[in-house]
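To keep things clear, I will list the structure first and then write my remarks on it.
The values are calculated or read from the model by the stated rules, or taken from the named source; none is laboratory data. Remember, predicted model here, so these are calculated numbers, not experimental data. All Cβ positions, even for glycine, are placed from backbone atoms using ideal geometry, and neighbour counts span all protein chains on display. Ligands, DNA and RNA are excluded from the accessible area calculation, which covers all protein heavy atoms including side chains. Shrake-Rupley method; radii C 1.70, N 1.55, O 1.52, S 1.80 Å.
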Amino acid sequence: MSGAQPWTMLVMATIGFAVSFWAWALLSPLGPRFADILHLSSFSQALVVAVPVIVGSLGRIPVGALTDRFGGRVMMPLVCLATIVPVLYLGLSGRTSLPGLLVGGFFLGLGGTSFAVGVPFVNAWFPPDRRGLAIGIFGMGMGGTAIAALTTVRLVNANGMASPFVITAIVLAVYSVIAYFVMRDAPGRVVPSDSVATRLVSTCKLKVTWQAAALYAVAFGGYVAFSVYLPTDLRNAYRLGQGDASNRMAGFVLLAVIMRPVGGWLADRLGPARILAVSLAVAIIGAIIESFTPSLNPVGTIAFLLMAAALGAGSGAVFSLVAKVAPATAVGSVTGVVGAAGGLGGFIPPLIMGYVYGQFHTYRAGMLALAFIAALALVLTLTAVRRGLTHLQRHYVS
């Protein structure tokens, strides 16, 4: 393969990830507006933005296994094309009622499955000592949620409620056509011969699957939870306007996006366990500070940015771990399970936060719960994950 081709494939996969995540996150910036128009409770509002997350998360399991079988060149355009349908449904009719939002949001979750396509696709194009960086760069595609945060409300204000959905659908269609003609699977890609069900059973027997899933549920799950619920959090806890809250959410997302390849790059050089341990420790500190709802200028802002940097770097380090430990023919399947865990980790917190705020008008319990769960993940990193990596290194040396 030519030296430039892997990077071309990485760019195409990253763009596809960003575009599909843009679609996946369309409902979040409009959550407060839907709440006002449809008179939604705090829990219903949280449910609207969380449903695409749960579907996109669970959908990664079969999509990852299918990517092992059919390759990213087929699956990435297919996922983007399928996402057009719920995007247009929401833009043209589904957004006018709570049931319509939930149905549209359910199928909008298809956009979130693209992660399980891109990781094995990119992984196959790069050598092991560069996969952490490569997958970290691919992970920057999660910045599609920032595109949604920065543009959705502005487009609605300027051109009406349908405009962000129609524009996103057009972008998805254009990308799908280009990707079909440009993307190629890596030479020598091994196609599994066994069934999807058999492969998933084998994947679930691997220790790395469950260790990485637990860590990703905290790192990426925490990122997803904040990216979908932060506008609501800032509006309720700090009384910010919708535009200001969306802009701050975009800043949170962009920092996490930038730190993801940094985390992968550092994990390639210093080891995934070290980077994960530091990231989780910083996230714990940030969550504890924010549990007291300090003033945004500057303490609250610093706490949120610390958590964004830590969760982004931690997410990158998790897939450096997967790239080092998972069998080459099972990367898609492992990624599917791990990615599902990350999405599920982002699904539950918004529901809890919405319920807690509705009952007590404070987010303290939710922030402290995040700190506690991150502490459990830190213990896992310093024990089982570190031992597993040490054993793997000894195996290679021997």
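What do you reckon, is F220 crowded, with 24+ Cβ neighbours inside 10 Å and closer than 30 Å to P127 by Cα?
yes
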Among (1) open to solvent by less than 30 Å² (accessible area, probe 1.4 Å); (2) more than 21 Å from Q211 (Cβ to Cβ), the one test that N297 misses
(1)
I'm trying to understand the selection: among the residues of segment 352-398, which are touching a helix residue (DSSP H, G or I) at 6+ places or on another chain (Cβ under 8 Å), within 30 Å of S320 (Cα to Cα) and modelled with pLDDT under 75?
L392
Between a first residue in segment 228-241 that is more than 16 Å from H361 (Cβ to Cβ) and open to solvent by less than 30 Å² (accessible area, probe 1.4 Å) and a second residue that is part of a loop (DSSP other than H, G, I, E, B) and among the hydrophobic types (A, V, I, L, M, F, W, C), which pairs have beta carbons less than 8 Å apart while being 6 or more apart in sequence or on different chains?
V228/A25
Output the number of the condition that V322 fails; it satisfies all remaining conditions of (1) open to solvent by 10 Å² or more (accessible area, probe 1.4 Å); (2) closer than 16 Å to W210 by Cα; (3) in contact (Cβ under 8 Å) with a residue 60 or more places away in the chain; (4) out of contact with any Gly (no Cβ under 9 Å at 6 or more places or on another chain).
(1)
Has segment 85-104 got at least one residue that is open to solvent by 10 Å² or more (accessible area, probe 1.4 Å), more than 17 Å from the chain's Cα centre (by Cα) and within 29 Å of G316 (Cβ to Cβ)?
no
Report the residue count in segment 7-46 for those that are open to solvent by 10 Å² or more (accessible area, probe 1.4 Å) and assigned to a helix (DSSP H, G or I).
19
Return the total of residues in segment 243-265 being open to solvent by 40 Å² or more (accessible area, probe 1.4 Å) and touching a residue at least 60 places away in the same chain (Cβ under 8 Å).
5
For segment 101-183, give me every one of the helices (runs of 4 or more DSSP H) that falls completely inside it and has 1 or more residues that are free of Cβ contacts under 8 Å to residues at least 24 places away in the same chain, of a type in the set (S, T, Y) and out of contact with any Leu (no Cβ under 8 Å at 6 or more places or on another chain).
144-159
Pull up segment 363-389, narrow it to residues that are surrounded by 15 or more Cβ atoms within 10 Å (Cβ to Cβ) and among the hydroxyl-bearing types (S, T, Y), then point me to the one that is farthest from T293 (Cα to Cα).
T381
Checking V191 against (1) closer than 25 Å to S57 by Cβ; (2) of a type in the set (A, V, I, L, M); (3) touching a helix residue (DSSP H, G or I) at 6+ places or on another chain (Cβ under 9 Å); (4) surrounded by fewer than 17 Cβ atoms within 10 Å (Cβ to Cβ), the condition it does not meet:
(1)
Subset of segment 266-287, residues among the small types (G, A, S) and touching a residue at least 60 places away in the same chain (Cβ under 8 Å), comes to A267, G271, A273, A277, S279, A281, A283, A287
For G346, state whether it is open to solvent by less than 60 Å² (accessible area, probe 1.4 Å), in contact (Cβ under 8 Å) with a residue 24 or more places away in the chain and touching a Gly at 6+ places or on another chain (Cβ under 6 Å).
yes
Can you tell me which residue within segment 189-206, out of those that are touching a residue at least 60 places away in the same chain (Cβ under 8 Å) and not in a helix (DSSP H, G or I), is nearest to V334 (Cα to Cα)?
L206
Of the residues in segment 126-143 that are buried (at least 24 other Cβ atoms within 10 Å of the Cβ) and modelled with pLDDT of 90 or more, the one that is nearest to Y180 (Cα to Cα) is F138
